[in-house]
Amino acid sequence: MECRVIGMWGGFPKKNGPCSGYLIQHEDFSLLIDCGSGVLTELQNYTDLNNINHVILTHYHYDHFSDIGAYLFSRLVNTHLGRADEELCVYGPKDEDMKKQVEDVAYSRFTSFNEKSRFEIGPFTCTFMKNIHPVETYSIKIECDSKSIIFTSDTSFTPDLISFAANSDLLITECSLYEGMDGTASGHMTSEHAGILAYQSNAKKVLLTHLPHYGDLNDLVVSAKKQGNENIVLAESGMLIQL
């Protein structure tokens, strides 16, 4: 199993730097987690859009789902052109407007999930934990061949994350704020909280993601590592992690 970081900026994309998007692959099967602004353009540097038939959206803030509309029309056009022969399966928290947006475009289907859901998508087993965020949002655990990837998406720190991410091979944790800031109202974690999660969950590899557009990003790593886990780096667009 491997994970390609497509984008990792919080809120809005940077020049040539997309928002949230992670390509999970095993053998010839691909799964896209989140499809934020700029993801579709960058994604095509690594795979054909028609090679991905499953997209999981963790929540409906623009930096996590805004490119999904373009993906729907990509599948529509490419099906008519004979370049795609499977429907695009979009998974997300229950929302009638999102279901309608997806299924109003031919060759796409929407499936909702909650914290009790368990999906077998190709070789991957996907389970979910509800987060603390202003809109309904979920962390995702993706398991395959005794390996696990945890993506926290957007959330305030909660001890439940520690057990959810326990002994993960790769932890992709949001790190929107610098140490000493308060993310309670916005539903985000500081670098200190990301480090606590990394250490107490005993994650083997850790990526800090959902990065802020200000400050010295290296300070995030220094702060997170102080909590005890040294295997922490900043996520970068194009980064490939093999497990």
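Below are the figures for this structure:
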quantity	calculated
Among (1) over 30 Å from H26 (Cβ atoms); (2) exposed (fewer than 14 other Cβ atoms within 10 Å of the Cβ); (3) of a type outside the set (D, E, K, R), the one test that S223 misses	(2)
Scan of region 146-163 for residues that are open to solvent by 30 Å² or more (accessible area, probe 1.4 Å) and aromatic (F, W, Y), ordered by number	F157
Those residues of region 31-52 which are more than 19 Å from T137 (Cα to Cα) and in contact (Cβ under 8 Å) with a residue 40 or more places away in the chain, in sequence order	E42, N45, Y46
From T47, T79, residue being more than 20 Å from T152 (Cα to Cα), of a type in the set (S, T, N, Q) and part of a loop (DSSP other than H, G, I, E, B)	T47
From G92, G36, residue being in contact with a Pro (Cβ under 7 Å, 6 or more places away or on another chain), open to solvent by less than 20 Å² (accessible area, probe 1.4 Å) and either modelled with pLDDT of 95 or more or assigned to a loop (DSSP other than H, G, I, E, B) (or both)	G36
Selection within region 100-109 - free of Cβ contacts under 8 Å to residues at least 24 places away in the same chain and either of a type in the set (D, E) or assigned to a strand (DSSP E or B) (or both)	E103, D104, R109
Hey, D97 surrounded by fewer than 22 Cβ atoms within 10 Å (Cβ to Cβ), over 20 Å from C126 (Cβ atoms), acidic (D, E) and without any contact (Cβ under 8 Å) to a residue 60 or more places away in the chain or not	yes
Options H59, H64, H133; residue that is part of a helix (DSSP H, G or I), in contact (Cβ under 8 Å) with a residue 24 or more places away in the chain, within 22 Å of S168 (Cβ to Cβ) and out of contact with any helix residue (DSSP H, G or I) (no Cβ under 6 Å at 6 or more places or on another chain)	H64
T173 in contact with a helix residue (DSSP H, G or I) (Cβ under 7 Å, 6 or more places away or on another chain) and open to solvent by less than 20 Å² (accessible area, probe 1.4 Å)	yes
When residues of region 61-99 are limited to those that are β-branched (V, I, T) and in contact with a strand residue (DSSP E or B) (Cβ under 7 Å, 6 or more places away or on another chain), the one nearest to P18 (Cα to Cα)	I68
Residue among R109, R4 that is open to solvent by 20 Å² or more (accessible area, probe 1.4 Å) and under 18 Å from the mean Cα position of the chain (by Cα)	R4
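The values are calculated or read from the model by the stated rules, or taken from the named source; none is laboratory data. Keep in mind the model is a prediction, meaning the values are calculated, not measured. Every residue, glycine among them, receives a Cβ derived from its backbone with ideal geometry; neighbour counts consider all protein chains shown. For the accessible areas, the whole protein counts, side chains as well, though only heavy atoms, and no ligand, DNA or RNA atoms are used. Shrake-Rupley method; radii C 1.70, N 1.55, O 1.52, S 1.80 Å.
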